[in-house]
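The values are calculated or read from the model by the stated rules, or taken from the named source; none is laboratory data. Not measured: the values here are computed from a predicted model. Cβ atoms come from the backbone with ideal geometry, glycine included; neighbour counts cover every protein chain shown.
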Amino acid sequence: MFPGVDGFHWSFGHILFLSLFFAVALTILTTVVSAVWRTIRDFHANRAIEMCWKSDFAELPETERRCRHELAGRVISRTCDNAFDCRQCSKYSQFAVLPARGVVRDLGLDYSEDRFYHRGHTWVKPEEDGTFTIGPDELAEHLIGSPDSIEMPELGSEIEVNGTAWRMKKNGNEIRVRAPIEGTVVGIGGPKEGWYLKMRPRLNPNDPATLRHLLRGAEVHGWLSRELERLQLQLRAPNTAPSLADGGVLLPGLMDAVPEADWGTVLADTFLET
Amino acid sequence: MSARYGMAIDLDRCTGCGACMVACAAENNAPPLPQATPRTGLTSMLVRQVSNGMEGAARREVFIPIMCMHCEHETPCVSVCPQQAVEVDKATGIVMQMPQRCLGCRYCMTACPYHARYFNWWDPAWPAGMEKSLNPGVAARMRGVVEKCNMCHARLHSARAKAAAAGKREIDPADYIPACVEACPTEAIRFGNLADENDPVSRDAHSPDAFRMLARLDTEPKLYYKSKEAWVRELAESKSGRGPEVKHG
Amino acid sequence: MASTAMADSRWIARGAERTPLPQFLLWLAPWAVILALGIYAAGLCLYYGLNQTNLDNRFAFGLWIFLDLGIIALGAGAFFTGFLVYILKRTELQPILNSAVVLGFICYSGAVAVLMVDVGQPLRAWFTFWHPNAHSMLTEVTFCISCYLLVLSLEYVPILLRNRQLRKLPSFLVFEHQLHKLVPVLAGVGTLLSFFHQGSLGGLYGVLRGRPFAFREGFLIWPSTFFLFILSAIASGPSFLILVTAAVEKVTGRRLVPQELFQRLGFISGVLLAIYVAAKSIDTLIWLNVTSPSVGFAPWQYYNYKPFGLPILFLEIVVFGLLPAFLLTYRRSAKRRGLLLSAAALACAGILLNRFVLTVQTLALPTLAFDDFLHYTPSWQEVASFGGVIGYGVIVYSLSYRYLPLFAQSKGENTHVSGS
């Protein structure tokens, strides 16, 4: 019986039993409350997006988690173990000094040197007024063609890196484009403006470390070659071998041109979704 | 002064008439249960028919009333009930079952070596008109709970109420007689206070012909059986060393 | 089969191959029928009363209690694997952990469901919590199993939240992450609770002084069956995991865990089984020669009745104990999948036989000198109720396998086993 119930009297057995039981019950309760409280705290500290990204990253296929230094030819093979967060990677500087060995060739895609590229196929361009403009890279544009609808964030809203920048719909597929950098939205554009978002970065725009996690230069070529290879395999007709050993040139509006392909998988691999 | 109520049952006197079983059922509002089998009935008092296994002129039979033994030492059913629906009443030594707290897990039934506990497998139902014969002093049990002999505790309540009304502290022993004892035509079953050394039941308990069932299990039952027949006294312990054949009712 | 072609492909992890939805529903159909039958049978028992069963005043415990104890023992793989992985840091067992948690959840929730039908007044179940009897093993069992079912549910939640669609809600994913970090605490609590309730289930029988067949002396308040049940549970748990995983591999047609994992689990099971057999042999000798005769029951009395003769003891200790212990630990036999699985099955059968003997044989044997050896056959309602638990288990496990990451697989490294 419990204290307060008629006929109860303390004995050693009761003390032992009740203390054990309540210790266990308290531990379980503390665990649940702790998990809930930490979850709420993470949301308040805006760490939710970061944690979701880390979790999603772990679910990506291994082929989508190649380290940028492997793509640039600095190392033979390396899988990223840090969710592409080169700004916090302890090994980054160790590999960055190695010479990049990539074949620079014309891939039929427009890539400029003044832009920095996110693995989710967006580019970041630092402007003179200290803001960054952001847009989808040409591979993404070639894939989607003209989207059926675009859902942009609100002016003034905060965006987290690897969170949602904007959403698009095309042929019944929903595409969530990941943000390449964290900051506040100060301008909204679209396909006609040549950029989609203008953001005031949270970190110092003049500090080179701010954009360290984005690809640039020779790395972009290595990365894009791999992406094009992947697309070739994914978009070919079933039961055929890959043809055109040199890769060929991307047609615009692929989602309309090859509607029978497994677009769920193609878009998920391209835009880093699970 | 606390009592230790017990019984002395003289097996040489028991005729197997079954009046005790009927009286118990009537006192405790046991439903008739026409659908019950020998193993699913509610027989808090049950008379077993046992033979010595021989045939012809050498055959002997005995009738053994079995009911809750109200064990005193490490009462098996009390220690196992998960919600303390059974307890030993310190004032009387009666092992009290609380049907309203019973979960119906039946652990106590597996624990009892005397098989003196019975489960309500059905909802109780009485044919029309029989409700007039019910005993208002005893609550009927619902389906799904365990019940057993509780030494006609309602009669103890009445005796206490009567004594209190008369301003007395102790009950008059003549006022508290369990139904089976009252009904037995040969006075084979006798009821008394084992704590009182002058009580006839107490003296019977110490007689050389007295024995208790499965005494070696060390449960200290308060029901004493008596018989001058050696083969009956041997029924006290398990079949160890004896032949296997017995008949039972 | 490309999973995106299926109606429920949104719910299936990307890259995971699953059978088409119609085929999957066809697989579930017979189990659903069995479950429905079980629910109907249980409903009959709840509505009309326990007279629907063949239980009676002499066989107060029957098929349900025997099978409850059996699946709780077999479900011990959940807590034991958690203990090995999180407390003893045996990370090589990690791939099977999620499956073990789901299996444990199924076993315990199924057992509790059957228990609610087994008791006469299920609505009074909370009485045990309000008026607990510290002396009763059953109180201990009730508390521990309730708490442990809660722990298992909490361990199941992170697995559930990693479903492809559910994880899209940020609050779910973050909560899953935080809960997952605390799983070692839950594993520790689960180990403590399991230790006690597996033991107390043994204690249930060992304290029955009125049933010398079951009664045992022990250490302080704990009869030897307390420790024997813990040992047999942790010995059979890993074996049961092996059997279930092998069955899932057969049904799905793919290798789900590294094959060395089976041998490792088998080795652990075998070693514990060997210790159990040794302990049980010593315990049996003491019981037959000392404990039982001291209360007037000679050992031969127990084994006089066919078919419960001495062969049952031999079966339990040697055929289902010593033999699988040897096969599981001896490397040359453990390497062969057929022998490994057979040995695991023998081990599980041994534990089930042990629970059966202690439940049914205990009650069948006479105590009073003028009693007979009794017989009991379960009614169809009892069998169907328990069938319902199995149907429930297969359905929950199948759904978990289809939609949740039960087995850690590197994407693109699934090897298809021929013949599927």
Can you name the condition, by its number, that C:GLY309 falls short on among (1) more than 22 Å from C:ALA247 (Cα to Cα); (2) touching a Leu at 6+ places or on another chain (Cβ under 8 Å); (3) surrounded by fewer than 19 Cβ atoms within 10 Å (Cβ to Cβ); (4) small (Gly, Ala, Ser)? (2)
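Could you tell me which residue of the range C:44-54 is nearest to C:PRO366 (Cα to Cα), considering only residues that are part of a loop (DSSP other than H, G, I, E, B) and more than 8 Å from chain B (Cβ to nearest Cβ)? Spell out the reasoning first.
Residues of the range C:44-54 part of a loop (DSSP other than H, G, I, E, B): C:49, C:53-54.
Imposing the further condition that a residue be more than 8 Å from chain B (Cβ to nearest Cβ) reduces the set to C:53-54.
Working: C:THR53: 22, C:ASN54: 19 Å.
Within the range C:44-54, the match that is nearest to C:PRO366 (Cα to Cα) is C:ASN54.
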I'd like to know if the range C:191-211 contains one or more residues that are assigned to a loop (DSSP other than H, G, I, E, B) and away from chain B (no Cβ under 14 Å). no
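Go through the range A:45-57 and count every residue that is out of contact with any strand residue (DSSP E or B) (no Cβ under 9 Å at 6 or more places or on another chain) and modelled with pLDDT of 85 or more.
Initial filter on the range A:45-57 (out of contact with any strand residue (DSSP E or B) (no Cβ under 9 Å at 6 or more places or on another chain)): A:45, A:47-48, A:50-52, A:54-57.
Applying the additional criterion that residues be modelled with pLDDT of 85 or more yields A:47-48, A:50-52, A:54-57.
Adding up the residues that qualify gives 9.
State all residues of the range B:2-13 that are within 15 Å of the chain's Cα centre (by Cα) and over 10 Å from B:ASP209 (Cβ atoms); if no residue qualifies, say none.
The answer is B:ARG4, B:TYR5, B:GLY6, B:MET7, B:ALA8, B:ILE9.
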Restricting to the range B:172-222, what's the tally of residues that are of a type outside the set (Asp, Glu), farther than 15 Å from B:GLY6 by Cβ, at pLDDT below 95 and not in a helix (DSSP H, G or I)? 2
Just give me the residues in the range B:20-42 being surrounded by 18 or more Cβ atoms within 10 Å (Cβ to Cβ), closer than 19 Å to B:ARG155 by Cα and not charged (D, E, K, R), in sequence order. B:CYS20, B:MET21, B:ALA23, B:CYS24, B:ALA25, B:ASN28, B:ASN29, B:ALA30
Let me spell it out: the conditions are (1) under 24 Å from B:TYR118 (Cβ atoms); (2) part of a loop (DSSP other than H, G, I, E, B), and B:LYS228 meets all of them except one. Which number is the exception? (1)
Which of the numbered conditions does C:PHE172 fail, given that it passes all the others? Conditions: (1) farther than 20 Å from C:LEU406 by Cβ; (2) more than 7 Å from every other protein chain (Cβ to nearest Cβ). (1)
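Considering C:VAL271, C:VAL244, C:VAL257, which residue is under 23 Å from the mean Cα position of the chain (by Cα), more than 24 Å from C:MET137 (Cα to Cα), surrounded by fewer than 18 Cβ atoms within 10 Å (Cβ to Cβ) and away from chain B (no Cβ under 14 Å)?
Details: C:VAL244 fails: surrounded by fewer than 18 Cβ atoms within 10 Å (Cβ to Cβ); C:VAL257 fails: surrounded by fewer than 18 Cβ atoms within 10 Å (Cβ to Cβ).
Every option except C:VAL271 fails the conditions.
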Residues that are assigned to a helix (DSSP H, G or I) and within 11 Å of another protein chain (Cβ to nearest Cβ): does the range A:63-82 have at least one? yes
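Determine if the range C:334-343 includes at least one residue that is within 19 Å of C:GLU217 (Cβ to Cβ), surrounded by fewer than 18 Cβ atoms within 10 Å (Cβ to Cβ) and among the hydroxyl-bearing types (Ser, Thr, Tyr).
If we filter the range C:334-343 for residues that are within 19 Å of C:GLU217 (Cβ to Cβ), which is where we start, we get none.
No: the range C:334-343 contains no residue that is within 19 Å of C:GLU217 (Cβ to Cβ), surrounded by fewer than 18 Cβ atoms within 10 Å (Cβ to Cβ) and among the hydroxyl-bearing types (Ser, Thr, Tyr).
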Of the residues C:ILE106, C:ILE72, C:ILE39, only one is more than 10 Å from chain B (Cβ to nearest Cβ), modelled with pLDDT of 95 or more, surrounded by fewer than 22 Cβ atoms within 10 Å (Cβ to Cβ) and in a helix (DSSP H, G or I); which? C:ILE39
Taking the range A:36-59 as the region of interest, how many residues are over 14 Å from A:ASN162 (Cα atoms) and in a loop (DSSP other than H, G, I, E, B)? 1
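Restrict the check to the range B:232-242 and report whether at least one residue is part of a loop (DSSP other than H, G, I, E, B) and hydroxyl-bearing (Ser, Thr, Tyr).
Among the residues of the range B:232-242, at least one is part of a loop (DSSP other than H, G, I, E, B) and hydroxyl-bearing (Ser, Thr, Tyr), which makes the answer yes.
Which members of the range C:238-277 meet the condition of being hydrophobic (A, V, I, L, M, F, W, C), farther than 23 Å from C:LEU322 by Cα and part of a helix (DSSP H, G or I)?
Residues of the range C:238-277 that are hydrophobic (A, V, I, L, M, F, W, C), as a first pass: C:240-244, C:246-248, C:251, C:256-257, C:261-262, C:265, C:267-268, C:271-275, C:277.
Next, only the ones that are farther than 23 Å from C:LEU322 by Cα stay: C:247-248, C:251, C:256-257.
Listed by number, the residues that qualify are C:ALA247, C:VAL248, C:VAL251.
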Looking at C:ASN133 and the list (1) of a type in the set (S, T, N, Q); (2) surrounded by 21 or more Cβ atoms within 10 Å (Cβ to Cβ); (3) in contact (Cβ under 8 Å) with a residue 60 or more places away in the chain, which single condition is not satisfied? (3)
For C:VAL185, are the conditions met, namely being away from chain B (no Cβ under 14 Å) and either modelled with pLDDT of 95 or more or out of contact with any His (no Cβ under 7 Å at 6 or more places or on another chain) (or both)? yes
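Mind checking whether some residue in the range C:150-162 is free of Cβ contacts under 8 Å to residues at least 12 places away in the same chain and either among the hydrophobic types (A, V, I, L, M, F, W, C) or surrounded by 21 or more Cβ atoms within 10 Å (Cβ to Cβ) (or both)? Before the answer, list the steps.
First pass over the range C:150-162, keeping only residues free of Cβ contacts under 8 Å to residues at least 12 places away in the same chain: C:150.
Okay, now just the ones that are also either among the hydrophobic types (A, V, I, L, M, F, W, C) or surrounded by 21 or more Cβ atoms within 10 Å (Cβ to Cβ) (or both), so C:150.
Yes, there is a match, as at least one residue in the range C:150-162 is free of Cβ contacts under 8 Å to residues at least 12 places away in the same chain and either among the hydrophobic types (A, V, I, L, M, F, W, C) or surrounded by 21 or more Cβ atoms within 10 Å (Cβ to Cβ) (or both).
C:PHE297: within 14 Å of another protein chain (Cβ to nearest Cβ) and outside any helix (DSSP H, G or I), yes or no? Give the steps one after another, and end with the answer.
On the way: within 14 Å of another protein chain (Cβ to nearest Cβ): yes; outside any helix (DSSP H, G or I): yes.
So C:PHE297 passes the test.
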Answer yes if at least one residue in the range C:122-144 is under 30 Å from C:GLU17 (Cα atoms) and not hydrophobic (A, V, I, L, M, F, W, C), and no otherwise. no
Pick from the range B:76-100, criterion surrounded by fewer than 24 Cβ atoms within 10 Å (Cβ to Cβ), farther than 17 Å from C:LEU208 by Cα and of a type in the set (S, T, N, Q), ranking: nearest to the other protein chains (Cβ to nearest Cβ): B:GLN100
So C:TYR86 passes all but one of these: (1) within 14 Å of another protein chain (Cβ to nearest Cβ); (2) within 29 Å of C:THR362 (Cα to Cα); (3) of a type outside the set (D, E, K, R). Which condition number does it fail? (2)
